[in-house]
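The values are calculated or read from the model by the stated rules, or taken from the named source; none is laboratory data. Please read these numbers as outputs of a predicted model, since none were measured by experiment. Note that each Cβ is placed from the backbone with ideal geometry, even for glycine, and that neighbours are counted across all protein chains shown. The protein model used for the area step is the full one, side chains on, heavy atoms only, and it has no ligands, DNA or RNA in it. Shrake-Rupley method; radii C 1.70, N 1.55, O 1.52, S 1.80 Å.
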Amino acid sequence: MKKFTVLTSMAFIMLISFNMNAQKFAKMDKSPMDATFYRTARNAPPFVKVVYSRPQLKDRSLSKLAPNDKVWRTGANEAANITLYNDMKIGGKTVKAGEYSLFTIPGDSEWTIIINKDINVWGAYSYNEAQDVIRVKAPVSKSDESLEAFSIAFDDKGTMHLGWGTTRVAVPFSK
């Protein structure tokens, strides 16, 4: 009987100490990460992958969150990451296959799309223009539908669409 009590006590102590050291997980990120791909078919290898965080408007203006004429990280948290699996033309300019950061400079009638060599950077705080691979202009259009969360998607033709609120920006990609 003493063995049973001692073993039960030890098991109880181990259980308590295990639970006291259990991993604490962070709450859900307010700007969850997402990835979008450009590929020609569902099972085809991708041409482009974009990984970005999705900030939400939450009754704030787009101009407050992504101000005109200022370099923006194209999302939230880390700068958006873009991987080109092949050499690609972006807005008519050729970019070698590789991993880059995607920055933008919002504007009323057009956005400047920036592909930059610096990767794994937080926000646009350490943005270095000398590391730009290309800059292309992309026209802004408006939609009747408002998107609460910043979104990036590719269509079947390879055009990358950026959308937030009623603002839409289209950037053509091609091989």
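Assign one of three labels to the range 19-175, namely rounded, prolate or oblate, based on the Cα gyration tensor with a ≥ b ≥ c the square roots of its eigenvalues; rounded applies when a/c is under 1.5, prolate when it is not and a/b is larger than b/c, and oblate otherwise. Please list the in-between numbers first.
Numbers: a/c = 1.44, a/b = 1.20, b/c = 1.19.
It is rounded, given that a/c, with a ≥ b ≥ c, falls under 1.5.
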For the range 43-129: accessible area per residue (Å², 1.4 Å): 50
Whole-Hz ³J(HN,Hα) from phi, Karplus 6.51 cos²θ - 1.76 cosθ + 1.60, for the range 118-131, glycine and proline x: 5, 10, 6, 10, 8, x, 10, 4, 10, 3, 10, 4, 5, 8
Packing-based order for 90-103, 142-155, using average beta carbon neighbours within 10 Å, highest first: 90-103, 142-155
Where labels lie 7 Å past Cα in the beta-carbon direction, separation of Asn68 and Ala97 in nm: 4.1
Global geometry of the range 86-175, whether rounded, prolate or oblate, following the gyration tensor of its Cα atoms and the 1.5 cut on a/c: oblate
29 Å Cα cut-off, lysine pairs counted over the range 44-117 (separation 8 or more, or different chains): 16
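Relative contact order for the range 84-175 using alpha-carbon pairs under 8 Å, separation at least 6, rounded to a whole percent?
27
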Selection from Gly75, Gly123, Phe154, by position along the positive dipole direction of the range 29-175 (Cβ): Phe154
Difference of contour (0.36 nm per residue) and Cα-Cα distance, Phe37 to Glu148: 37.9 nm
Placed amide H near Ile134: partners under 5 Å, 5+ positions off or other chain: Ile115
